[in-house]
1. Suppose we filter A:266, A:295, A:290, A:242 for residues that are open to solvent by 30 Å² or more (accessible area, probe 1.4 Å) and either touching a Lys or Arg at 6+ places or on another chain (Cβ under 7 Å) or on the phi < 0 side of the Ramachandran plot (or both); which single one remains?
2. Give just the number: which of (1) within 14 Å of chain B (Cβ to nearest Cβ); (2) in contact with a Leu (Cβ under 8 Å, 6 or more places away or on another chain) does residue A:290 not satisfy?
3. Determine which member of the set B:380, B:350 is hydrophobic (A, V, I, L, M, F, W, C) and free of Cβ contacts under 8 Å to residues at least 60 places away in the same chain.
4. Looking at the stretch B:292-329, which of the residues that are part of a helix (DSSP H, G or I) and out of contact with any strand residue (DSSP E or B) (no Cβ under 6 Å at 6 or more places or on another chain) is farthest from residue B:42 (Cα to Cα)?
5. Name the single residue, out of those in the stretch B:173-195 being at the interface with chain A (Cβ under 10 Å from one of its Cβ atoms) and in contact with a Ser or Thr (Cβ under 8 Å, 6 or more places away or on another chain), that is farthest from residue A:259 (Cα to Cα).
6. Just to verify a result, which residue in the stretch B:351-393, among those that are in contact with a strand residue (DSSP E or B) (Cβ under 8 Å, 6 or more places away or on another chain) and within 20 Å of residue B:128 (Cβ to Cβ), is nearest to the other protein chains (Cβ to nearest Cβ)?
7. Is it the case, given these coordinates, that residue A:132 is under 30 Å from residue A:292 (Cβ atoms), aliphatic (A, V, I, L, M) and within 14 Å of chain B (Cβ to nearest Cβ)?
8. Restrict the check to the stretch B:395-403 and report whether at least one residue is in contact with a Phe, Trp or Tyr (Cβ under 8 Å, 6 or more places away or on another chain), farther than 30 Å from residue B:351 by Cβ and more than 9 Å from chain A (Cβ to nearest Cβ).
Amino acid sequence: MTDQALDHVARGGFWRGLSLRRKQVVWAWGFLAVPILFYALIRFYPTGEAFYISTTNWNLLTKPGFVGLANFKRLLGDPVFWQVFRNTVLYLVIGTPVSLLLAFTIAYHLDRVRFMHGFIRALYFLPFLTTAAAMAWVWRWFYQPVPIGLFNQVLSTFGFPQQPFLRSTTQSLPSVLAPAIWAGLGFQVVIFLAGLRAIPTTYYEAARIDGVSDGTILRRITIPLLRPTIIFLVVFSSIGFLRIFDQVYNMTSGDPGGPLNATKPLVLMIYQTAFSSFDMGYAAAQTVVLFLALLAVSLVQLRLLRDR
Amino acid sequence: MRGFRGMLVGLAAAVGVISGAQAQTQTVEIEYWQYVFDARIKAMDELIKRFQAANPNIKVKHTTFPYADYQTKIAAALPAGQGPDVVQLFYGWLDNFVAAKFIQPLPKDAFPPAMIEKDFYPIVSAMKRDGEYYGLPTAVRSLALFYNKKLFQEAGLDPAKPPQTTDELLEAAKKTVKRDGAGNLLSEGITLDFPGQDYHWWREVLLRQNGGAPYSDDNKKVTYDSEAGAKSLTWYADLQKVHKVGQAGFMDEGQAAFRAGRAAMTIDGSFRLGAFGNIKGFEWGVAELPAGPDGKRFNFASYWVNAITTKATGEKLEASKKFLAFVTTPEAMQVWLDAVGELPARKAAAETDKNLSHPIYGPFLKALNYSNATVFVDEAGQRQVALDLANRVLIQNQDAKAALAEAAKAEQAILDRFYAKK
């Protein structure tokens, strides 16, 4: 009994001895401790573990044995890895600019439309709400050869030869990218619209009084003032395209990653190495590389954000 | 109070001893694991019911997991001393499970190798390592030629006489293929679907019919980079490239084309019977895979085996032995055939007159006498190599020899990595 009571008094005394400011600090840290602990436990700890596993030959079944940097050496010599790396970069460097350009064009014109504005905006937003897997399967059927494929049916109706789309090593990556861009478009349009609305109309009025052309207004006022919006969308969609998975996996299941790995992104390679081949060490090494790539891209973009 | 309770305990113990002595031993509980597949679960529940009725002192706990998590769960449970005493695993996983010391050799007193080799189909030899068997299947699967009787009739072919040789198959495909004026494919003569079952058909059937072999006898060397390899792969690719009787990717999948009545023939496994059973629009038949130029037949068989884990010792091991013996009896195999549609692994149970003359099971069963089961070390990885091989020839128009050389190199690297670790 006595121990507990003493402890209680001591704690009460400690608490009472604190200034109000200190108490606030303790409270703040008390609340912050929950997400910090949560993050440390479910984010940082597994991340650290992934670094460790990448130096082992763990195959899920046997005890992991330390192999040093052998997994990374194997990665550098693996032609599939370089193909996959190239694909991932292509998703990024085609996907991000194309989707942003499209979204901006649509938002810019939609901003001026008064007639059924809300309805049209909802139509653009709809694909964003659709499950990626379901959408990928519908597009997969669009791309099929004639009796069932919509695109090829249209082509052959007009007398053009059929295209292999997903069954080609060159056409399959853009074919997979198209629905991915389309699905993200609605979100980007809405963000762009919000950004456009946030620009004070006084600038436009002043410009118009000065008799400036539409093109100049766009270049000198609209785009510079949209910079924060654009940077946010660039960061957001870059990360999205670097992590593309659902569309690829669903559109090419059967031969995941397309013919001769033509559409396979890094995330899919990691998934297959880990959960189909159970080569955990090698998969962890690939994860480390993806982590470093994402980190580099994010750092560069954060730097761009800073010198606003 | 205490004295009274003590007396009760003593009494209960005495009763326990007496009744236990009557039932010989106390009840032993063993755990059985398999993956989730409705028909398999129902069949196993039925088998467990019958087993427990015959062995009242053994209780079998039946646990299932989704296929995607199955291996992960086993790998997490067994090192921790948890998990199954008897486990179902795909035959291709055996080496990994043995290396990880998850499963033990089947005790020779209950499962003498001579008995296994006499009673079971020879494909079971894929379960043998250093003279010891590690698992036994209840049921096995093989491939066959499915054909659309309606399309055969329309093309003037006799629906009662499916092609018997690869030459006849090509002729039938040429007669049944349909194209429109622009040359667009409307209905295939035969499906080309490497991601489906064609990669097994090429590797275990067409290649061998041309005198080749996919791997060396110890499975450590890839041997399909050969004359026979080039000949068989070219024959396969020519179905699309020269004879244009089919097209990879038509209707997305071979089985979808067949089901939609847009393919006269397709090669698929006994596990497809359930899905094809729903076809309403036309009648279909099953035939043995066509023989090669010299009349030789081959087939590919695969199966899930039941094995005893290293966790089972003492009386649990004895109970596991009894259970494993029971689920591999002819009786259990018939239950499995009726419920799941998979073929009995014992010759005597499979080749009853009733089964052999069955128009659908018959061709699959006959195939078991000349089937091979590929030994995989990394099923997904080796499959990918095969898919790439087909794509190089079909999409990139690479020469068969060059494509085979590349595939053999990639697959050899997978094999080397695996056997170096052991």
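The values are calculated or read from the model by the stated rules, or taken from the named source; none is laboratory data. Quick caveat: nothing in here was measured; it's all calculated off a predicted structure. Reconstructed Cβ throughout: ideal geometry from the backbone, glycine too, with neighbour counts over all protein chains shown. Areas reflect the complete protein model, heavy atoms only, side chains present, ligands, DNA and RNA absent. Shrake-Rupley method; radii C 1.70, N 1.55, O 1.52, S 1.80 Å.
1. Values: A:266 fails: open to solvent by 30 Å² or more (accessible area, probe 1.4 Å); A:290 fails: open to solvent by 30 Å² or more (accessible area, probe 1.4 Å); A:242 fails: open to solvent by 30 Å² or more (accessible area, probe 1.4 Å).
None of the other options fit; the residue is A:295.
2. With respect to (1) within 14 Å of chain B (Cβ to nearest Cβ); (2) in contact with a Leu (Cβ under 8 Å, 6 or more places away or on another chain), residue A:290 is out only on (1).
3. Values: B:350 fails: free of Cβ contacts under 8 Å to residues at least 60 places away in the same chain.
Going through B:380, B:350 in turn, just one is hydrophobic (A, V, I, L, M, F, W, C) and free of Cβ contacts under 8 Å to residues at least 60 places away in the same chain: B:380.
4. To start, the set of residues in the stretch B:292-329 that are part of a helix (DSSP H, G or I) comprises B:314-327.
So of that shortlist, the ones also out of contact with any strand residue (DSSP E or B) (no Cβ under 6 Å at 6 or more places or on another chain) come out as B:314, B:317-318, B:321-322, B:325-326.
Values: B:314: 29, B:317: 25, B:318: 25, B:321: 22, B:322: 20, B:325: 19, B:326: 16 Å.
Top of the filtered list is B:314.
5. B:182
6. If we take residues in the stretch B:351-393 being in contact with a strand residue (DSSP E or B) (Cβ under 8 Å, 6 or more places away or on another chain) and within 20 Å of residue B:128 (Cβ to Cβ), then B:379 is nearest to the other protein chains (Cβ to nearest Cβ).
7. On the way: under 30 Å from residue A:292 (Cβ atoms): yes; aliphatic (A, V, I, L, M): yes; within 14 Å of chain B (Cβ to nearest Cβ): no.
Taking the combined requirement at face value, the residue does not satisfy it.
8. Kept after step one, since they are in contact with a Phe, Trp or Tyr (Cβ under 8 Å, 6 or more places away or on another chain), are these residues of the stretch B:395-403: none.
No - not one qualifying residue is present in the stretch B:395-403.
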